[in-house]
Structures are given as C-alpha cells and as structure tokens.
Amino acid sequence: MSALITPVRADASDRTPASRCVRTTCPYCGTGCGIDARLPADLDSRAVATIEGDRLHPTNSGSLCSKGSHLGETLSTRGRLLRPELDGQPCHWEQALDAAAERLGAIIETHGPDAVAFYCSGQLLTEDYYVANKLMKGFIGSANIDTNSRLCMSSAVVGHKRAFGSDSVPACYLDLELADLVVLTGSNAAWCHPILFQRIRAAKQAHPGKRLVVIDPRRTASCDDADLHLPIKPGTDALLFNGLLNWLAEQQAIDPDYIARHTEQFDSALAAARSSAPDIATVAAACELEVAAVEHFFRWFAETPKTLTAFSQGVNQSSAGSDKVNAIINVHLATGRVGRPGASPFSLTGQPNAMGGREVGGLANQLAAHMNLEDPRHRALVAQFWGSERVPEQAGLKAVELFEAIEAGRVKAVWVMATNPVDSLPDADRVRAALERCELVILSDCMDRTDTAASAHIRFPATAWGERDGTVTNAERCISRQRPLQPSAGESRPDWWIICQLARRLGFGAAFDYQAPWQIFREHAALSVLDNRPDVLPRGFNLGPLAHINSTSYEALAPIQWPVSMEAPAGSARRFDDGRFDTDNGRARFVPIQPRPPHYRCDHAYPLVLNTGRVRDQWHTMTRTGLSPSLSGHRPEPEVSLHPDDAARYGLRPREIARLRSRWGRLLARVALSDQMRPGELFVPMHWNDQFAREGRVGALVNPATDPLSGQPESKHTPVAIEALDARWYGILLSRNPLPAAADSADYRTRICEARGERLMLAGSGEEPDWPSTARRWLGGEAETGAAQEWIEYEDRSQGVYRLARLREGRLQALLWVDPDPELPDTQWLGALLDAEPLEPEQRRALLSGLPPQGTRCGGATVCACFGVGKNTLLEAIRTRGLNSVDALGQALKAGTNCGSCLPELRALIQQQYSPRMPPSQAGASRRN
Amino acid sequence: MQAPGSRSPARQGERPRLVVIGNGMAATRTLDELLAIAPDHYRITLLGREPGPAYNRILLSPLLAGEIELEQIRLHDRDWYHQQGIELLTGTGYQVTRIDRHRCRVQCANGQQIHYDRLLIATGSLPALPELEGLSPGGNPLKGVLGFRDLADVEQMTQAARAGNEAVVIGGGLLGLEAAHGLNCLGMRVTLVHRAPYLLNRQLDPEAAALLQRELESRGIRFVLAGRSRAVRHHTDADGADKVAALELEDGQRLAADLLVVTTGIRPNIELAAACGLACRQGVLVNDCLQTYDPRIYAVGECVEHRGLTFGLVEPLFQQARVCANQLAGIGTGRYRFTPPPTRLKVSGIQLFSLGELEPAATDSPPQALVYRDPAGGIYRKLLLRDNRLVGAVLYGEVADGPWYFELMRTGQDLSALRAQLIFGQACCERLQRTRPPVTAEEAA
C-alpha cells in the first residue's frame, strides 16, 4: 500500500468547526479514487473548503493525483449550462422536455425505433446509464444506445467475453502490489492512472526484486521506473504476445494442467501463435525491438509466477484491439495466471464509470446486467423484468457506425449525454457535419459551450460532479458512491431525472417512476440477481444482497467489489481464481490470433504515424480540468511530440507551430522535440478542442477504421503528414476577462485558464496586421470608453516585435506580446498581476519587458501540479542548494511528494544539471533499450 | 607677481607664460586639467570679460528659476586662483581687443599688452540673433530684448520679471525652454515661439517633444509652434527709452512682451581670432590637438570648429579641455575626436535625455527604431539601432539609463542579445543575462 500522503490544499484557516465532510469518488479516470471533501455546514452553500484523498477508500488510501487534487478549482458555475434550451433559446424544463418527447416520438412513429439513438458516456453514473439503457432497449425498442466507452474499453470487453464468457476483470488493484512482475502494455499509467502507478512504484521500492516492464512505442513517464522498456513498433502487440505464447510453450513454461482442466482451444491458439511468431528473432524484427530485450521480457514472464499484465488504450484503440486483448489473455491462460493474487491480465479503464456502463448494458451489443442481446433467454428475462415487449433482438449501432448512420440519414434523432462526440470520435469533422445535418439532436451536458453544443436543437442542463448522486464502478469492479457536495447549479437536473421525465412523456411513465437514485440502483441490483443461479441462468455479474438496498443503506454504501453474493457478502476481490469461468461449459477459451497490421498504412503522402493519448494534468475534452489554472500549467498547449530527426527532416524547429494533415482532417499544434519518440511517429494529446484551441481537435485527424468485433476506433495509428505552419508572428495575449474577438486573424489560438483571467497563445501565418490598431481592438479597449484607459506600448517594428498592455486606473487588464520568434517569455508573473492592485512603478516598468521586476520570482512552467512548483524554481533549487535527488527536492519544495506523477520530470531536471559530472550508472538509473 | 603692464617675453630660465582669453567653462576646465597634470609648467594669466571668477554656465537655468543661489554656481573662488598662481584679470577692461601673433602678445581694452608663450583662445559664443524687423533698431539691442548667455542676462531677466508680466521667448531649443521655465517660475506669463513644428527638434522626436510640451503647458507656459516671427514692436517706456512691447508673427498674431528672450542659436565668437589672421570658418579651426594654424595658439570650446563641427554642449568642451591640457603640458599624446554628447534639459521635474540620431531618416541604411510608450505614466523611450548597434536614443520621463546607453553607443557593441530587453534599461538587461536558462540538450537538439 502506498504511503500516506500529506494532504494537498489543506487550508486550516478554512476549517470551521461547523463544517461537514462528504465522501465521494473522483470523476476522472477509471481508477476511482475516494475523495474526502470538507464543506461548510450550510447545505445550500456552493463553497468547498478542501478536497483530499479519502484515507479509508481502498483504492487510494488518501492519495490523489494532480487532477483529483485540484477538483476544488473546477467547482464554480463558470461555463455551466444552467437553463434548458430549445432551438437556441432558453426555456422552461416543461417546454424542453415536451418538445424533445414530441419530436422524438414523431420520428419513432414515422421511421421506427431504429431511427433514433442515444449516445452516452462513461461519465454517466450507473443509475443514469441504467435508465437510459432501459428506455432505449426496453421501451423505445431499439438497441441504438452506445457510448464513448466504445472508444476506450470495447476491445477489452470483447476480449473478456471471448475468453471468460463475460465482461469480467479478473484482477484487483492489490495485485499491482502483489505481482513480482508488472507488465504495462499500451498504458502510460504514470500519467493516466497515477495513483495505481504510485502503488506499483511503492511496492517496487519496498521490494526491489519486483520488476516493471513497459511496452510502449514512446518512452513515457511510466518508463522512468521500468526495469525494461520495449519501444515496440505500433500495432505489433499481438505478434509480441503470440511470440511469448509460442516461446512459453517451447520452453515448457506453460501450465498444462491448468490448460487441460480450465480452458479450451489452446492448440489452435498455439498453432496460430507459432505460425505468426515462430521465434524471438522474428518477433524482434517485426516489433522493431532488440532480440535481447525481447528475450529478457519473455524470460522474466516465464520465470515469474506472479505476473500481472496491465493494458489500456494502447492495446484497445486498434482495428485489431480485441485480438490484442486476447493475445494477452492467452499467455495468462497458458500459464494459469488468471484471477490469482498478483497474477492476471488487467484492463485499466479510462473513464470513471465505463465499468458501470458496461454493467447496465450501455453498449449497443449488450443488454443489461451483463446479459446478451443475442441470447433469447436473456432477452426474455430482461423483458419480463422490465415489463416490456419490445426488447430488440439485434445489436444496435456502435459509435462510429451510429454517426455514419446519422450522416446517411438512417438515424434521424440522437440524444447525446455527457459527452462530446464532435471532439472525441475519429474523423470528427465528419461527425460534426453529420450532427449538423441531423433532424433532431438532443444534448444533456453540464457545460454550456462544447463543440457538440453548436449542433444541438434541445439542450438539457445536467448536474455536474459535486452535485450528482449515484454510483460508479472502477477498473477493479469496485462500486463507490458519488455524493453531492453542493446544490445543483441553476436549473440543472440529474441525468436519470431527465431521462425518466422524457420516458414519462413518451408514455412509459410506469416503468420510470423513480424518486431517487437508490431506487434505480436497487432495480439494477435486482436484475443482476434474477434467476442468477447455477441451475437457472448463471451470470458472473451479481449484486446479490444489494438488491435489498434502501435509502439509508444506499447513502451509507461503502466501496464494494462485485460479484456480491450470499457467499461473498463483502464482495469479491478477484474472479475466476477457482478456474471456473462464465462460459456455458465453465472453461476459458483461448482465441487463435492472426496478428493484423493497422488498417491504414503510411505512404508517401502521409509518411508518419500519429499516436494520441492523454497528458498528465488534463482530462478528456478539458471541460473540467481546463477550468483549473493549476492543471493548465504543465502542458498548456496542444503539442505534437516528435523525434528530433523527424523535426530536422520536415524542417520543424522547437516551439514553432506545425500543421498536421491526414486523409480526414487537419490540426495545428506546437512542436515539441522528444527523443522519447520513435522516429517516424508523432504524438498529439486528445484533449484540445474548439473551446480551447483553433484547429486543435485531434479527432479530426484520426482515421475511422474500427475493430470488426469491438467497433473500437484505431485512435493510436493514423498516417499523417506534418509541415511547419510558416508563422510570421507568435503571440501571447493575457486578459482579465475573456476577449472573444481577440486574435481573429491568428491561425493558431490556444486558450489557457489563468488564476486571474486567461491567456491565449497565438501564431499567424498571413499578412501581419497593423499591430497598434489591431492590438487595441483585440485588447478590447473600445468597449470600455468610460473608464480611464491607459495603454503601454513597445515596438521594434523592423523585427516584427510588438507589445501592448491595457490598464485601467493603474491595474493591468490585458496584455499582448507579439514576436517573430516562437520562444515567448514566461508570463506567469504577469498573469498574477491581472486586475490586482494598481501596479507599482517597478512592475509597470517591467510589464512589457518579459522579465519580472527585481525580487519577483517566476516559477516557470508547472512541473509539480499538486504543489504548484515550476521548472525555474526547481532548477534554481537544484543549482543553488545542491539538491541532487528527488527526495531532496521533495523535502525542500514538496515537489513530487503527492501523486508522484512528476517524479520522472524531476529526475530529468536533476540529470540535466548534474549529468556532465555524474557517472552514467547514476545518471540513467534504469535499464532501457 | 609682476605688475600688469610690464609684460615682456620670457627670459632664459623662466617658466613660459600661458595666456588664456576667456573665463568660461572650457577655459576653466582646461586649466583644471592642466594643473592636475603639470602644475608648474606655466605662468598663467587668465583674461575674462565678465567680472569675477568663473561660474558654471550650465546652472544659469536653475539660477534663473530661483532653484539655486549665485554662490552655488561659482566654479572657483578667488583664493583658488591665488593658490594656483593664476593671474586672474577680469572685467571689461581686460576684454582682449587684439592678438599680435608676431610679437606674441595680446592687447586688452584698458591698453595693457600681455606677452604669451602659449595662447589659449576660449572666447565662447555669441547669441545668433535672427534677422527680425525692429530687433535692434540702429544696431543697438532694444531694451527688454535679451539672450540667455551669462549672469548679466539672468540679472536682467530677474529684474524684468519683477516689473512686467508678459515674456516671449523665441526659440524652442534647450536654452529657450530653460529660459521659459525660469521666467515662468519667476511668475511671468510666458509664450514660447518656435519655428519648427515641435520643441527641441534637434534633440527630440515629435513624440517626446509632445510629452515635453504637454508637461510645460501644464505648468502654464504657452507655445506657438511652427511660429514665424515677423517684427518686434516697441514703445517708449517711463524712462524715455525704447522698449520692447510685442512680437508680431507672420500669421498676424501679436504677442505682448515686456521681455523678449531670443534663444535662436549661437555662433562661435571668432572675432579676435579672425582679426589676427588665424584660419577660421564657422569657428576657429583646430586640429585634433586643439591647436590652431598658429602652433603657439590653442583654442577650445564653443569658439572652435573641429573637423567641420562646432559645439554648444558641455561634454565635448570637457573632452577638448582634457586633450588641450595634455598638449599644453607637453605630453602631446591626447587627440580629440568628437563623440556625440547626450542632451539633458535643465528643467526641474522634467527628465529628458537624448543622444545621437533622432529619426530613422531616409538614408541608405536607416536605423531601426525601438519605441516604448507609457503616456499615462509619462514615459517615452526610443532607441535607434543600425546593425544592432545603438546610434541614437531619446528618453523622456526616466533617464537613469541614459549614461548606460551613452556607453553602449560609444563602445558600439553589438546588442543583438539584449535587443528584446534593451529599451527596458540596464538593470533589466543584466537580469536577463543572469536568468537566461542554460540550454538543455533536448532544446539544443
């Protein structure tokens, strides 16, 4: 278990005796950390004093990552959708609901139930999800309900179902610590599941014999603690694991007894593995790895019974994602390492409640409570339970197909809940065009301005985290409560309420007569129990005693891992540890895997491979994390990371703006050179969108190829081309208030949230504007003619340098910095001056100099987001105080002592300062290839 | 000490005699420098038209404005001359009327003739009065019309300020502005007429000049820019003397004037030098050693012309003084080369500094301008660079960095690395160099 951590943002002065404490669950990744929020006693208050990790939650034991730690900064109503909207006009709930029901009903009436669809989200709560699924599959009578979990988890779902007979994760988080070998493949857990990675790291520190292998084309932050990194060629994972299976068999490192007693189809799987990956040399060549490295990995796998293979989007997001998952599961079945302490395949979920969504059947090819649409017995059971006669027999449209059907006009109405498909789906410009053409788009969202909002005819304001009440399930099947901290903002309502209101108006009121989320959860639990007996219709998913939950026990529900049953009333840490699986015959199935390359290959026109993923301090489309100044400091802009050799080849200099093009779309991003990239490959984060960046939606670039079984898109592999934007000028615009008209002529424009305003990063390739007049227009002086405007200006016209500040009564309101050089100054100290006290003469004089006045510190780009420690501060401490270890930095500055996800960066900074004098053994600690 | 009148050529064994014509700042500084390096080299005689020991002409402006006292502007008191063994002969009687280069002697107005072995001409300059109807009827300056050159002018202005209340200053250069400011401080209503469209057009650019004008206007001074004077009107005063009454402009404006100060420029005072046959053009021609065409005769200050330039600011005078002293002392290593001096305005509360070129003129290689404007904060800065070297600066509002810019311009160093912060001054640039982070391997790649 990771060490207890100093709580972040604990401000004792805010703690009055009359405060109350609410236990809830973090809304970000699938780790599902418990949160302890301290609030004023006044229930109507929106104030939140502190957000800390819940020391009693089994997942995180008090720790939180940088994102969770800064939830407090995201709780204002700024940017929220607070009223229903009908055809672009605010309206009453009744009007919005009536109109939605009427229009939806008319389309169903005219075109049949399959002409409508729901597109949901792994960020809905289980209760929301349950009623959405029930409405679509039980009463509208279509299976056209899919979810953004399709983009994230669906290959793992297929893998689990094919191998285990149900979508069950066999392992639990404790296994990360029990394992003697953790294999992280297609996962940058250090950034994407920081708390889980901390548990791995802590276990390794306590037991130095434990090993970590990271399989990833990029040398990510997770590799910093790795004993071995395999920088694999993208798309060759299945081949690597086929090679492992074959090698294990050759080395007689498999478990024949387990295979014989608990599995089937081993021989055909082995034959497939052998034909595609006959020996290590073949594997190494195909995966572009060193032979010795592959051999190391295979040997460690063979000789370590407690081996855990954790995988995430790098495996799932592929046109062969399901096969990759099964290639991984195959080697675990072959060694009998499934559901055993420290030994399992382990899918790390991306979203907070993707698992809950799967449990209620929120995917188009599921039913509910882990039952299958194709199974008539399951259909009959659910239909009877719901009192419905319309349960569809056919799977509905999966996400990518769904939007293709909208484009084709086959689906005429779509209700999007809690997600942003215009950003997150592949070929996203086409998705946008399809939505714009769609007859009826209903959108439930807590945020006002999202890229999908523009296409919506009816908008429902949904409650947000901090207001919502329900349950989520994390990656280890642990059900936790999300509890409200504050009253609902404006007129926002819970998603389940909105859905039930619509169901009632569609004539299904009796089946949706819920007064509170606990009633929904109880029904969900009851369905999981119904006929769930070995002699009737056994299923893995079982909530047993929770079918009797009531308001009080629901309120008090402690985290619990399903299945919950009479035999295991406290839940189950693992599944299949007894070798009995959820298949009809109880045997796990090997799946023969023929490795397939990615669907679209690179060619002359699109010579580079685009990889996408998360950065450390942002979440999804930034609707929440983008509000946090603290989280915006680490990677403030959309960057394209590429190898220096590629930068040289394509004429790209660091910090300038690059344009990426694919067959499907284009994107602008700032160039970041990184020798952690393989040559020929690019990485662009998935987060940025039109609300934060002009041409920053990576979804627009991503190819629409999907896995034939899971329907999951190949977001990790798109052929692209890159070129310099040929910017004539670069700029920074700081402002106290949003300036929507600003930078209209900029090609590149990224908005960053600052503590006292916002910052725009700009670049333009066209004719340079007349700066004095343009800048005054951008900085919005004209609008405030009444007040005493003060302008401070600097120009070096022949160099294309221009700077302008607007002040009011001596207070800084806005500032523009234009330079032909992409290397722009650190404006952190300027951001702190926005609309603060009237400037001191020293500050005023320094305003346009790019350097803080004497005595003012400029911390630099955020490295440690938890404690807000910047690069300049760290470098200075390393230089002047001789701090030469991360521990010393942590003691001196606290940096890295909370979630630890910045430790690799801290190490790199120390190394940068000391490497010339340090022996290599100390400088580069881990073994790498 | 020998009595005046018994001046004779140097005899064997005696120290040579240095005679200095003029007791202004150039002469005084030359003597200071000379005494510092060769205290016993000469017997020195100093001849001055103005009575009394030398004073700091630069400080006439604050003296006029009443900001300092007369005693504070004296450069040396009489004891000093005595101690240094300098024969100080001042007053109109000692105004030199002739230089006899053949006999190596000078003749004073009182008839005295003084032999020299070395002669230093430091006769300074005279106001350059414009051709203006009624300015000096019958060749004599009209009563109430003054320049702003010496203590006598200050004395007259101070008296005029007591009596009358309308003053007109012609000429918006440094001297004119200082006079206008001084008279304004003395309580007169001052109008300044300037030919150019903006003030200090030889030292400032229009933007800085506008700030300056705004500031002076806020203190009560009125300005007529691009103003052409046509005539001076006069009347007979109570004493029966012809006295200035008004200045008439070409556009017909009539500015009442109890006092008219003309500060439209200066011309080197070369009368004596020219009369004795020394080569002169605008000024007395000198070589890099400050030597005239007569090797026994040196000249310094506003009366000289060196490589086509004449001088009106104190810094070049001081540089000349140093070189000249070096030559007079017989060391002979000093060479004078002109360095454009910075301009400062002696008007209290106004910070102004200018240096070198002023505008990106339409030349083959026009300089590039860096401009900083904070009008509300009363700050303006412009730097002109050519090939990343400083060739001009205008500072208004804050001038502490002036000497630093002067140094940068003098040394002609390449300023590429500082360019982005250059206008923000020395402290900022030094901090920049300290804080510039080391380039990391990744960034270098």
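The values are calculated or read from the model by the stated rules, or taken from the named source; none is laboratory data. Computed from a predicted model, the values in this text were never measured in an experiment. Reconstructed Cβ throughout: ideal geometry from the backbone, glycine too, with neighbour counts over all protein chains shown. Please note that ligands, DNA and RNA were not included when accessible areas were found on the heavy atoms of the full protein model with its side chains. Shrake-Rupley method; radii C 1.70, N 1.55, O 1.52, S 1.80 Å.
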**Request:** Stick to the Cα atoms of segment A:706-772, pair each with every other, and give me the Kirkwood hydrodynamic radius in Å at one decimal.
**Result:** 14.9
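So if R0 is 60 Å, what FRET efficiency would residue A:577 and residue A:879 give, r being the distance between their Cβ atoms, rounded to the nearest 0.05?
0.70
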**Fill in**
Counting only residues 5 or more apart in sequence or on a different chain, those whose built amide H sits under 5 Å from that of residue A:681 are A:609, A:643
**Request:** Using only Cα atoms, locate the centre of segment A:746-771 and the centre of segment A:81-129, then give the distance between them in Å, rounded to an integer.
**Result:** 37
**Request:** Please identify the longest segment of chain B free of exposed chymotrypsin sites (Phe, Trp or Tyr not before Pro), where exposed means a DSSP state other than H, G, I, E or B and no more than 15 other Cβ atoms within 10 Å.
**Result:** B:1-292
**Request:** Using the structure shown, list the pairs from A:204/A:716; A:324/A:398; A:210/A:716 with a Cα-Cα distance above 23 Å, or answer none.
**Result:** A:204/A:716; A:210/A:716
**Column: log10 I(q)/I(0), Debye, Cα scatterers of segment A:318-386, q = 0.11, 0.23 Å⁻¹** = -0.41, -1.03
**Prompt:** Out of segment A:285-349, which GluC sites (Glu not before Pro) are coil in DSSP terms and have no more than 13 other C-beta atoms within 10 Å?
**Reply:** A:290
**Request:** Please work out how much length the chain gains when fully extended from residue A:93 to residue A:594, using 0.36 nm per residue of separation minus the C-alpha to C-alpha distance, in nm with one decimal.
**Result:** 175.0 nm
**Request:** Using a 10 Å cut-off on Cβ to Cβ distances, tally the other chain neighbours for every residue of B:413-420 and report the average as a whole number.
**Result:** 2
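What trypsin sites (Lys or Arg not before Pro) does segment B:303-393 have in DSSP loop regions with at most 14 other beta carbons within 10 Å?
Numbers: sites: B:307, B:322, B:335, B:337, B:344, B:346, B:373, B:381, B:382, B:386, B:389; in loops: B:307, B:335, B:337, B:346.
Qualifying residues, ordered by number: B:307, B:335, B:337.
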**Request:** Could you tell me what fraction of 2.2 N^0.38 Å the Cα radius of gyration of the protein assembly as shown comes to, as a two-decimal ratio?
**Result:** 1.27
**Message:** Over segment B:1-159, what portion of Cα pair distances is larger than 24 Å, expressed as a whole percent?
**Reply:** 42
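Just in segment A:708-768: which GluC sites (Glu not before Pro) are loop by DSSP and have at most 15 other Cβ atoms within 10 Å?
Answer by residue number: A:767.
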**Request:** Starting from the alpha-carbon convex hull of segment A:608-724, give the projected area averaged over all orientations, in nm².
**Result:** 7.3
**Prompt:** What share of all Cα pairs of segment B:137-264, in percent, falls into each consecutive 10 Å distance bin?
**Reply:** 14, 46, 33, 7, 1
**Asked** Chains B and A: how much accessible area gets covered up at their contact, both sides added, probe 1.4 Å, in Å² to the nearest hundred?
**Response** 2200
**Prompt:** Round to a whole number: what % of the accessible area of the protein assembly as shown belongs to carbon and sulfur, probe 1.4 Å?
**Reply:** 48
**Accessible area of the protein assembly as shown divided out per residue, in Å², using a probe of 1.4 angstrom** = 37
**Request:** Would you mind calculating the gained length between residue A:56 and residue A:650 on full extension (0.36 nm times residue separation, minus the Cα-Cα distance), in nm to one decimal?
**Result:** 208.6 nm
**Prompt:** How well do other chains shield peptide B:133-139, expressed as the mean number of their Cβ atoms within 10 Å of each residue Cβ?
**Reply:** 0
**Request:** Provide a whole-number value for the mean count of partner chain Cβ atoms within 10 Å of the Cβ atoms in peptide B:426-432.
**Result:** 4
**Asked** So which aspartates and glutamates pass the test for residue A:306, namely a Cα distance under 18 Å, with those fewer than 8 places away in the same chain ruled out?
**Response** A:175, A:177, A:180, A:227, A:255, A:257, A:476, A:577, A:578
